[in-house]
Structures are given as C-alpha cells and as structure tokens.
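Here is the structure we will look at, set down as structure tokens.
The values are calculated or read from the model by the stated rules, or taken from the named source; none is laboratory data. Bear in mind that the values here come from a model prediction, so they are computed numbers and not experimental data. Here Cβ is always computed from backbone atoms with ideal geometry, including for glycine, and neighbour counts include all displayed protein chains. Remember, those area values only see protein heavy atoms, side chains included, never the ligands or the DNA or RNA. Shrake-Rupley method; radii C 1.70, N 1.55, O 1.52, S 1.80 Å.
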Amino acid sequence: MPSASSLVVVIGTGGTIAGTSARPGAHLGYQAGALAAQALVDAVPALAGRPLQTHSLAQLDSCDMDHATWLALAQAVTAQLARPEVAGVVVTHGTDTLEETATFLHRTVAASKPVVLTAAMRPATAPSPDGPQNLLDAVTMAATPGARGVLLAFGGAVYAGAEARKVHGYRVDAFSGGDAGALALWQDGRLRLLREWPAVDGGAAAALAVPVAEWPLVDIVTSHAGARGAALQALVAAGARGIVIAGTGNGSVHRELLAAARAAQAQGVQVWRASRCVDGGVVDSGSPDALVNAGDATPAQARVRLMLALATGA
Ligand code: SIN
C-alpha cells in the first residue's frame, strides 16, 4: 500500500484527452472519450511507478455532460478524498463543459485536498497531443503537499476551478482564469504559486442528497439585438425555476427580454444576469432592475450556481 497521503486517484469522464481518431494527424473529427482512464495513465512514461489508481466513471464527449454524471462524480470524488492514503484526485474531462463541472465540484465538494481537473485540445492519437503533459501536471498537482481546492491543470498553468473558463475553440492554450488570471505556473517541472490556493467551498453539498430528477430546472437565455421575450417565456412555461440571462456588455438586457424577465420574477422564477463577454463578468452598477448579478461567473457557471442555490438554499 502507498505511504500515507501519496496516492493519487485518476477518475476518467471522457473528453478529447481520451479521444482517438482513425485519421493519422487529425486534431478534429475524432471520437471523444474513447479511452479509459488507465490507458491515459499508461501513455505517460513519467507516471510509471507513481502511486496511482484509476477509475473510469464515464466516457463522454463533455458536450453531453449530464446531471446524473455530475452527481456520481461528486460522490466518487468525496469518497476518494475521505481515504487517508489519498493525497488528491485528478478528473480527466472534456474541455467544452469543464468550467461547469469545475463549478459544480467547487460548490458540492469540500476539497481540503486537491481535486485537479485536466483535459486536452488534441486527441490522444494526434502527432503531438497535449493531454499527456496536462495529465502529468495534474497528477503532480494532486500529490503536492499543501495544495487544496478544485483546480484546473491545463497548458502549463493552474487555474482555480471556479474561475476557469474556456476561451478558445481550437488553440492548445484554450483556458483562462478570467480577470483573476492563473493561480500557478509550471516552470521546468516546478510549481510557481502566484497566489493563495482557492478557499475550500462545498457549501452546496446538500444537493448531492437530492435526487437528480428533482434538481431545479435552470436555463440560459442570451440577450442580443432584436431579442424577444418569447424564449424566456417558453422556458418558464416548460418548468424553469431559474433563468440566467447572458447579457450584453456589463450584463445589460434588451428591454423586450427584460420585460419577460420581470414577469417571470413576479411568478417566483429567479433571474440572474451574467455577461456574454468572455471576461469582466458583471460589475454592480446599482441598476434598479432587480436582476441578481452573477459577478465574475460566466453564464454557464452562473447556471450551475443558481441551480445549486435553488436546490439547497445555499
Ligand atoms: C469534449 O469536451 O468532450 C470534447 C472537446 C474537448 O475535450 O476539447
């Protein structure tokens, strides 16, 4: 058995990092999530001999991520963190919805040990895949004494999971930490910490006891030129208990959509306002329209936060 607190558990959920293509050299047009977690570890010679266990929880293209998988993942991560011999957990994931899963884990798991998500932009069969280095960095992070919180190891940087967001659809450095920037950098195999580890959250852990079918429906509606209230009204009619508006600029909302939002609020629907801008979030301007500002959260992150808030009151 590994010595106390040296074991890292790698939980696979799919994504490009586990993707394969029949076309040599392909960066696109592959099958995401084709490989199990052990195959990803076996492909990194530098991980040979490290105390590791692997578990394939799912093999999804993360655009198909669902709430049942989130529940199973949060429960699996919580169970692994409770093992004294486990130093930390790595979650391999697709990049497309990674910021949502990171937000979900941040709010539902009290990660006093590191929970490190990682991913890749190129499939495992690419001539120069980015996944192996990202996985090596993630495993090293997860075994780093003193590290804590939900983190993302990607492209030579470490981001706080709750701040990370995908900012590019193809480039290998596809993530940013928003205005907060990176938390740490990998420099020649050594970690350079730029600021404190993120605060441990897990304040919405009670959601894990709620059956997934009862998690409140929360949807995102985008404000844009010529926006109508009809989409928001239809979602409320279909059972939405919360709406996040991806507003323009500093979260401004087209007057037609705002009228529908106010009507929804009058029916008890919670309406939050985020920004469709990549960075900057919504800075409180004292606007009197009574929508709740999502702060630095992207619309996708805000949706997760609102759903958990409605599920738990936290
Ligand atoms: C996915 O999100 O599962 C596919 C895309 C990626 O991982 O980059």
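Within region 250-271, the residues that satisfy the criterion of being in contact with a strand residue (DSSP E or B) (Cβ under 7 Å, 6 or more places away or on another chain) and either on the phi > 0 side of the Ramachandran plot or assigned to a strand (DSSP E or B) (or both) are GLY251, GLN270, VAL271. In region 294-307, the count of residues that are in a helix (DSSP H, G or I), in contact (Cβ under 8 Å) with a residue 60 or more places away in the chain and polar (S, T, N, Q) is one or more.
When region 86-128 is limited to residues that are farther than 18 Å from ALA68 by Cα and open to solvent by 40 Å² or more (accessible area, probe 1.4 Å), the one that is farthest from the ligand (Cβ to nearest atom) turns out to be SER112.
Please work out which residue is nearest to GLY14 (Cα to Cα), limiting yourself to region 129-153 and to residues that are of a type in the set (A, V, I, L, M) and open to solvent by 10 Å² or more (accessible area, probe 1.4 Å). Out of the qualifying residues, it is LEU136.
When we screen VAL283, VAL212 for residues that are β-branched (Val, Ile, Thr) and in contact with a His (Cβ under 9 Å, 6 or more places away or on another chain), the only hit is VAL212.
Which one is least open to solvent (accessible area, probe 1.4 Å), of the residues in region 275-314 that are among the small types (Gly, Ala, Ser) and farther than 19 Å from HIS106 by Cα?
First pass over region 275-314, keeping only residues among the small types (Gly, Ala, Ser): 275, 280-281, 285-287, 290, 294-295, 297, 300, 302, 309, 311, 313-314.
Next, only the ones that are farther than 19 Å from HIS106 by Cα stay: 275, 280, 285-287, 290.
Numbers: SER275: 4, GLY280: 27, SER285: 85, GLY286: 63, SER287: 53, ALA290: 69 Å².
Only one residue tops the list, namely SER275.
Any chance you could count how many residues in region 18-38 are within 16 Å of the ligand (Cβ to nearest atom) and open to solvent by 10 Å² or more (accessible area, probe 1.4 Å)? Talk me through it step by step, then tell me what you get.
Here is the first cut: in region 18-38, the residues within 16 Å of the ligand (Cβ to nearest atom) are 18-21, 26-37.
Keeping just the survivors that are open to solvent by 10 Å² or more (accessible area, probe 1.4 Å) gives 20-21, 27-32, 34-36.
Of the residues in region 18-38, 11 are within 16 Å of the ligand (Cβ to nearest atom) and open to solvent by 10 Å² or more (accessible area, probe 1.4 Å).
Scanning region 168-181 for residues that are on the phi < 0 side of the Ramachandran plot and assigned to a helix (DSSP H, G or I) gives ASP179, ALA180.
Can you pull out the residues in region 47-85 that are part of a helix (DSSP H, G or I) and within 16 Å of the ligand (Cβ to nearest atom)? Across region 47-85, the qualifying residues are SER62, CYS63, ASP64, THR69, TRP70, LEU73.
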